[in-house]
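Asker: Supplied in structure tokens, the structure appears directly below.
The values are calculated or read from the model by the stated rules, or taken from the named source; none is laboratory data. This structure is a prediction, so every number in the text was calculated from the model and none was measured. Please note: Cβ atoms are built from the backbone with ideal geometry, for glycine as well, and neighbour counts cover all protein chains shown.
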Ligand SMILES: Nc1ncnc2c1ncn2[C@@H]1O[C@H](COP(=O)(O)OP(=O)(O)OP(=O)(O)O)[C@@H](O)[C@H]1O
Ligand SMILES: [Mg+2]
């Protein structure tokens, strides 16, 4: 729950439904398409909210997801059925981001959230007890502490489960009844919670974690999976980084530094080449480091660079402002990543036209 006394602009990271409240209201106003029960917007309006566009009344809706519209349509359509949605993908492919925006646009709140870890208890999916009250009153409705999933069922909203595959399998199984029967029995009170129309679950899981706690096939059958891919090309990735960096610089109230398209393009190029193991022209093979070099890392490299440029630099983003954060993002393992990085620097960066300053800045901090 957010503190109502604290203005959205004061918060370091307002929830999607607060940060984009104006867009949601504008969409609601023009949305004349059929809405599933308790949905704040129609599926069409939800996809417009995610992909961006201009409304008939001239309101600009910003693009939250940059990629294939079809993926968002499938995700939204799934949530209108009795199947839950699983967003799957490698780190940094906007799974959590999309899940938050879906919940904000559909239910008006993205806060019914279970963060999956190896220590997530069953109470996080079912319910727990306030022990002081339990001892004083015994098991009464007042002593029960509902989980976010239970609250979502009772109010017909979306519950989000982050990193589903990190949750121990026996705890994951608590979801099976919820998803197939749409009820949550409370034997202690001799009652059950029946899900209200509008309830559904969005889970995210990381591709790389596969095998940590694989989804049981019983649970997997209750989900429709949408795989979020890495950005298709440099242009898409540059757009993702540029938009998010501008948003972040805004919330962090960094002094104005013109977002440097050239530096963003260079960081994105370096990351894409290292990730794919070959240069953009397809001519030179490079070693891939162990680090995940996703758009999310590029965003943080550029943001750190902007902070350096604003507070200690020339006020214009320079290669030397991004070099330190970039090397830090690439070299996670001091031995093997270092080898891959040095090779990239010497074989690729050194000889590229226009990269001389970048090359020496990286040499200095490597
Ligand atoms: N296709 C995309 N469109 C828009 N933003 C994107 C896209 N891909 C990545 N991003 C941005 O990358 C950042 C990281 O995304 P997010 O945290 O949602 O990744 P994730 O898939 O949940 O990763 P993890 O597996 O590490 O949890 C977000 O700020 C998001 O805006
Ligand atoms: Mg995530």
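Asker: Tell me, which strands (runs of 3 or more DSSP E) lie completely within the range 79-131 with 2 or more residues that are under 19 Å from residue 51 (Cβ atoms) and touching a helix residue (DSSP H, G or I) at 6+ places or on another chain (Cβ under 9 Å)? Walk me through how you get there before you give the answer.
Answerer: Numbers: elements: 84-89, 113-115, 127-129.
Those strands (runs of 3 or more DSSP E) span 84-89.
Asker: From the list 308, 254, exactly one residue is assigned to a loop (DSSP other than H, G, I, E, B), over 29 Å from residue 207 (Cβ atoms) and in contact with a helix residue (DSSP H, G or I) (Cβ under 6 Å, 6 or more places away or on another chain). Which is it?
Answerer: Details: 308 fails: assigned to a loop (DSSP other than H, G, I, E, B).
Result of the check over 308, 254: 254.
Asker: Being farther than 22 Å from residue 206 by Cβ, modelled with pLDDT of 95 or more and within 20 Å of the chain's Cα centre (by Cα) is the requirement here; does residue 77 meet it? Walk me through it before giving the result.
Answerer: Working: farther than 22 Å from residue 206 by Cβ: yes; modelled with pLDDT of 95 or more: yes; within 20 Å of the chain's Cα centre (by Cα): yes.
Considered against the rule, which asks whether it is farther than 22 Å from residue 206 by Cβ, modelled with pLDDT of 95 or more and within 20 Å of the chain's Cα centre (by Cα), residue 77 comes out as yes.
Asker: Determine which member of the set 166, 157, 83 is in the same structural domain as residue 21 (by TED's automatic domain parsing) and within 16 Å of ligand 1 (Cβ to nearest atom). Let's see the steps before the verdict.
Answerer: Values: 157 fails: within 16 Å of ligand 1 (Cβ to nearest atom); 83 fails: within 16 Å of ligand 1 (Cβ to nearest atom).
Selected residue: 166, the only one of 166, 157, 83 that is in the same structural domain as residue 21 (by TED's automatic domain parsing) and within 16 Å of ligand 1 (Cβ to nearest atom).
Asker: Moving on to the next point. Of all residues being in contact with a helix residue (DSSP H, G or I) (Cβ under 8 Å, 6 or more places away or on another chain) and farther than 11 Å from residue 327 by Cβ in the range 353-366, which is surrounded by the fewest Cβ atoms within 10 Å (Cβ to Cβ)? Just the residue, please.
Answerer: The initial filter retains those residues of the range 353-366 that are in contact with a helix residue (DSSP H, G or I) (Cβ under 8 Å, 6 or more places away or on another chain), namely 355, 357-359, 361-366.
From what is left, the residues that are farther than 11 Å from residue 327 by Cβ are 355, 357-359.
Working: 355: 19, 357: 12, 358: 24, 359: 18.
For the range 353-366, the residue satisfying everything is 357.
Asker: OK, next. Could you give me the residue pairs with C-beta distances under 6 Å whose first residue belongs to the range 29-40 and is without any contact (Cβ under 8 Å) to a residue 60 or more places away in the chain, whose second residue is crowded, with 19+ Cβ neighbours inside 10 Å and not in a loop (DSSP other than H, G, I, E, B) wherever it lies, and which are 6+ apart or on separate chains?
Answerer: 31/45
Asker: Something else about it: Name every residue in the range 29-60 that is crowded, with 16+ Cβ neighbours inside 10 Å and assigned to a helix (DSSP H, G or I), in order of residue number.
Answerer: Once the filter is applied, which keeps residues that are crowded, with 16+ Cβ neighbours inside 10 Å and assigned to a helix (DSSP H, G or I), the range 29-60 yields 43, 44, 45, 46, 47, 48, 49, 50, 51.
Asker: Another question about this same structure. Evaluate the following for residue 175: is it assigned by TED's automatic domain parsing to the domain that holds residue 65, surrounded by 13 or more Cβ atoms within 10 Å (Cβ to Cβ), assigned to a helix (DSSP H, G or I) and in contact with a strand residue (DSSP E or B) (Cβ under 8 Å, 6 or more places away or on another chain)? Break it down stepwise before answering.
Answerer: Working: assigned by TED's automatic domain parsing to the domain that holds residue 65: yes; surrounded by 13 or more Cβ atoms within 10 Å (Cβ to Cβ): yes; assigned to a helix (DSSP H, G or I): yes; in contact with a strand residue (DSSP E or B) (Cβ under 8 Å, 6 or more places away or on another chain): yes.
Judged against the criteria, residue 175 is a match.
Asker: For residue 192, which of the numbered conditions (1) more than 12 Å from ligand 1 (Cβ to nearest atom); (2) in a strand (DSSP E or B); (3) within 19 Å of the chain's Cα centre (by Cα) fails to hold?
Answerer: Going through (1) more than 12 Å from ligand 1 (Cβ to nearest atom); (2) in a strand (DSSP E or B); (3) within 19 Å of the chain's Cα centre (by Cα) one by one, residue 192 breaks only (3).
Asker: Let me ask another. In the range 294-319, what count of residues is obtained for those that are within 16 Å of ligand 2 (Cβ to nearest atom) and without any contact (Cβ under 8 Å) to a residue 40 or more places away in the chain?
Answerer: 1
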